[in-house]
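Here's the structure, in structure tokens; my notes come after.
The values are calculated or read from the model by the stated rules, or taken from the named source; none is laboratory data. These numbers were taken from a predicted model, which means no experiment stands behind them. Here the Cβ is made from the backbone with ideal geometry for all residues, glycine too, and neighbour counts use every protein chain on show. Side chains are part of the model used for accessible areas, which takes the heavy atoms of the whole protein and leaves out ligands, DNA and RNA. Shrake-Rupley method; radii C 1.70, N 1.55, O 1.52, S 1.80 Å.
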Amino acid sequence: MDKTNVESFKLDHTKVKAPYLRIAKDLEYNGVKVRKFDLRFCQPNKEAMETGAIHAIEHIMAEEFNNSEYGIKEIIDFSPMGCRTGFYIIMFTEFDQKELLEKIKFYLNNLLKYDEIPAANEIQCGNYKDMDLKRAKEIVKKVVNNLELF
Ligand SMILES: [Zn+2]
């Protein structure tokens with residue numbers, strides 16, 4: 001257990017206070033810098049998001065991050081954690097944590113205005129029936145104003 005090289009396995013999940021945005025890891029390979037963030041919505045081992053809700057948030061955030069007007073082109077990936085307590089965000093460059101937090105809050109406020117989930121169909125998604133926009137909005141409403149840097 002002590003010998004793990006996995007950053008998130010080294011994190012003491014009893015010591016964090018969700019919701020938060022944390023820099024999980026900085027990597028550099030062949031001169032390319034990458035920063036991984038831990039965006040945690042739920043307090044670990046106390047609560048978790050339902051799959052339909054986390055899936056809906058993932059789709060909408062993908063749409064927001066890739067928006068041609070206000071998106072973030074440095075983003076590589078935004079993916080749910082397997083424990084369903086939050087998301088990982090992987091970005092080119094050592095993207096500023098405070099700037100990302102403000103963008104995430106903006107996107108989450110936009111999420112509250114969606115009437116339907118983008119790409120929620122058989123062609124564009126691998127499990128389109130497992131989506132819950134109503135529950136996604138309830139979760140986002142709870143965290144959006146309390147998200148802080150950690
Ligand atoms: Zn999907």
Can you give me the number of residues within the range 34-58 that are within 19 Å of residue 121 (Cα to Cα) and open to solvent by less than 30 Å² (accessible area, probe 1.4 Å)?
6
Which one of these does residue 58 not meet: (1) away from the ligand (no atom under 15 Å from the Cβ); (2) out of contact with any Leu (no Cβ under 7 Å at 6 or more places or on another chain)?
(1)
I'd like to check which strands (runs of 3 or more DSSP E) are fully inside the range 1-106 and have at least 1 residues that are farther than 25 Å from residue 136 by Cβ and of a type in the set (Lys, Arg).
20-29, 32-40
